[in-house]
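Data first, discussion second: the structure below is written as structure tokens.
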Amino acid sequence: MRKHLILVGGGHAHMMTLENIGKFVEKGFKVTVIGPSFYHYYSGMGPGMLGGTYSPDDIRFATKEVVQKQGGIFVRDKAVRIDPEKKEVYTESGHAFSYDVLSFNAGSYVPMQPDLEKSGTVYSVKPIEKLMEASEKLKALFAERKIRVDIVGGGPSSAEVAGNVWQLAKKMKRHKPDIRIFAGKKFMARFPESIRSRVFFHLSKRGIQIIETGYVKDVKPDRIILDSGEGFSTDFIFMALGVKPSAIFEASGLPIGPDKGLLVNQYLQSVKYPEIFGGGDCIYFKDQALDKVGVYAVRQNPVLLHNLMAALEGKSLEPFDPGPEYLLIFNLGGGIGVLKKKQIVFGGKIAFMIKDYIDVKFMKKFQAIEKS
Ligand SMILES: Cc1cc2nc3c(=O)[nH]c(=O)nc-3n(C[C@H](O)[C@H](O)[C@H](O)COP(=O)(O)OP(=O)(O)OC[C@H]3O[C@@H](n4cnc5c(N)ncnc54)[C@H](O)[C@@H]3O)c2cc1C
């Protein structure tokens, strides 16, 4: 029987493995990719798509097509649990798949009450497909009347979403919304003042209100309530309250880190089950807690590609080195960005142009696989 490699999720850390599925197949291995969508959306360009800078086609990678044309199998489904002893993956639709080697790149999600998800006025900032839906809905609302758009959460995704909602409304040239960010006690609290003040400046200049008087206690489809009991009526809400790794690992009884991500060693390999690997937002890297940013997922690509092949062939594994401090650029809409690399911090059009250049180049590189 052919050895079977299963990839759960075709996210940013699996890009090089997806690109090389043909090589696994040539060597006699069976490869199956399980994912809820035929496409994978590049989150770094998600806010830009919300604001209309990019179309959905610009920021997506055709996972199914890339897998199938190289002789792999694509299963449109969601993995919900695995049995690491039986070496089986179970999916939402009730199917079971046996594996010899398994790799997770199932990302992270914004925890949200199910009734809010169904409300039609409350959207999480992940998965990126939700921003696509929100963009269409907002366009219709901006054409109709003046509305209030609120963002719950005070981190970078909140700033990017607020700035790009503003851009979307500006492009529409119809009713301008009132935009508010509910940022807890301090907006962008985990960033140095040099970044915080620049993001604050660019958003406030456009009339975006940043509320730092307390944490949000409750969210209803048309109302936001703070810890203090103060309530704010609203028309549209984005939930941008920090992400959590996929819930699969806890549900499967696998060793997990403090954030409940799959606990992996320096080889991006489960600390208990040597045939299980993972990358991106869904793992907890044992040697050093990593920020939940796409940069690390991208850096993990060559190591995962090597180690998955090595695990199938019984060869030695390569360690992952998280590397130097990464370049950070926020897209605040209106062609404005804020950039930080080591001691260098600046905001303005050049910062956005650098982000746009890097992101578009990244997407073109991987979209080229679809055409090859
Ligand atoms: C609004 C926003 C803007 C951001 N901007 C940036 C940025 O500019 N730069 C940066 O470095 N980081 C950015 N981030 C962080 C970045 O999104 C994450 O770090 C990155 O997406 C992690 O990549 P990933 O592949 O691990 O996860 P994801 O991008 O979430 O991909 C996971 C994949 O797995 C699939 N999947 C999910 N659940 C399952 C399941 N149960 N079974 C099978 N498949 C599944 C999904 O469909 C998806 O294709 C941003 C985040 C947000 C929310």
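Start at zero, step by 5 Å, and the Cα-Cα distances of the range 1-87 spread as 3, 14, 22, 20, 17, 12, 6, 4, 2, 0 percent across the bins.
Working from Cα pairs under 8 Å separated by at least six residues, relative contact order for the range 53-102 is 20 percent. Summing Cβ point charges (Lys, Arg +1; Asp, Glu -1) relative to the Cα centre of the range 298-361 gives a dipole of roughly 320 debye.
Put a plus charge on the Cβ of each Lys and Arg, a minus charge on the Cβ of each Asp and Glu, and nothing anywhere else: the dipole of the chain about its Cα centre is then about 1100 debye. By the count of other C-beta atoms within 10 Å, a proxy for reagent exposure, E88, E19, E193 are ordered fewest to most as E193, E88, E19.
Specify whether the C-alpha gyration tensor of the range 108-210 places it in the rounded, prolate or oblate class, a ≥ b ≥ c being the square roots of the eigenvalues: rounded for a/c under 1.5, otherwise prolate if a/b is larger than b/c and oblate if not. Oblate, since a/c reaches 1.5 and b/c is not below a/b. Centroid-to-centroid, using Cα positions, the range 182-215 and the range 115-151 are 22 Å apart. Note on the range 83-148: with charges restricted to the Cβ of Lys and Arg (+1) and Asp and Glu (-1), its dipole about the Cα centre is near 620 debye. Ranking V101, M112, I151 by how far each Cα lies toward the positive end of the dipole of the range 72-166 (charges on Cβ) leaves I151 at the top. Within the chain, the proportion of C-alpha pairs whose separation exceeds 37 Å stands at 22%. Taking every DSSP beta bridge that has both ends in the chain, the antiparallel portion is near 50%.
Exceedance of the 30 Å cut-off in Cα-Cα distance is limited, within the set K130/K260; K146/K349; K146/K342; K27/K341, to K146/K342; K27/K341.
Calculated on the Cα set of the range 226-351, radius of gyration then Dmax: 19.0, 61 Å.
Just checking the listed ones, P47, P177, P258: in the Gaussian network model of the chain with Cα springs under 10 Å, the one fluctuating most is P258.
Global dimensions of the range 161-214 from alpha-carbon coordinates: Rg and Dmax equal 12.1, 36 Å.
With all pairs of different C-alpha atoms in the average, the Kirkwood value for the hydrodynamic radius of the range 71-147 is 15.8 Å. Per-residue 3J(HN,Hα) values for the range 13-18, derived from phi via the Karplus relation 6.51 cos²θ - 1.76 cosθ + 1.60 with θ = phi - 60°, read 7, 9, 3, 5, 5, 4 Hz in sequence order (x marks Gly and Pro).
Could you give log10 I(q)/I(0) at q = 0.14, 0.20, 0.26, 0.29 Å⁻¹ for the range 135-194, computed by the Debye formula over C-alpha point scatterers of equal weight, without solvent? So the normalised log intensities work out to -0.42, -0.73, -1.01, -1.17.
Label reach from S194 (point 7 Å along Cα→C-beta): in the range 328-369, amide nitrogens under 13 Å belong to 328, 339-347. The GNM of the chain, with springs linking C-alpha atoms under 10 angstrom apart, assigns the highest mean-square fluctuation among G163, G94, G51 to G94. Taking other C-beta atoms within 10 Å as the exposure proxy, T53, T17 rank T53, T17 from fewest upward. Projected label points at R145 and D291, each 7 Å from Cα along the beta carbon direction, are separated by 4.1 nanometres. FRET efficiency for the pair K69 and R2, taken as 1/(1 + (r/R0)^6) with r the Cβ-Cβ distance and R0 = 22 Å, rounds to 0.70. Taking each DSSP H run with n ≥ 4 as -39500 (n - 2.57) and averaging over every residue of the chain yields -10000 deg cm²/dmol at 222 nm.
With the contact rule set at Cα under 8 Å and sequence spacing of 6 or more, what percent relative contact order holds for the chain? Across the chain, relative contact order equals 19 percent. If the viscosity is 0.890 mPa s and the temperature 25 °C, what translational diffusion coefficient in µm²/s does Stokes-Einstein give for the range 284-336 when Rh comes from Kirkwood over Cα pairs? Approximately 184 µm²/s, per Stokes-Einstein. Taking a point 7 Å out from the Cα of K170 in the direction of its Cβ, none of the residues of the range 222-241 has a backbone N less than 15 Å from it.
Rounded to the nearest whole angstrom, the semi-axes of the ellipsoid equivalent to the range 40-195, taken from the Cα gyration tensor as √(5λ), stand at 35, 19, 16, largest first. With the simple model of a label 7 Å out from the Cα in the direction of the Cβ, E26 to S316 spans 2.5 nm.
Coordinate-derived values only; no laboratory data. Since we're looking at a predicted model, the values are computed, not measured. Here Cβ is always computed from backbone atoms with ideal geometry, including for glycine, and neighbour counts include all displayed protein chains.
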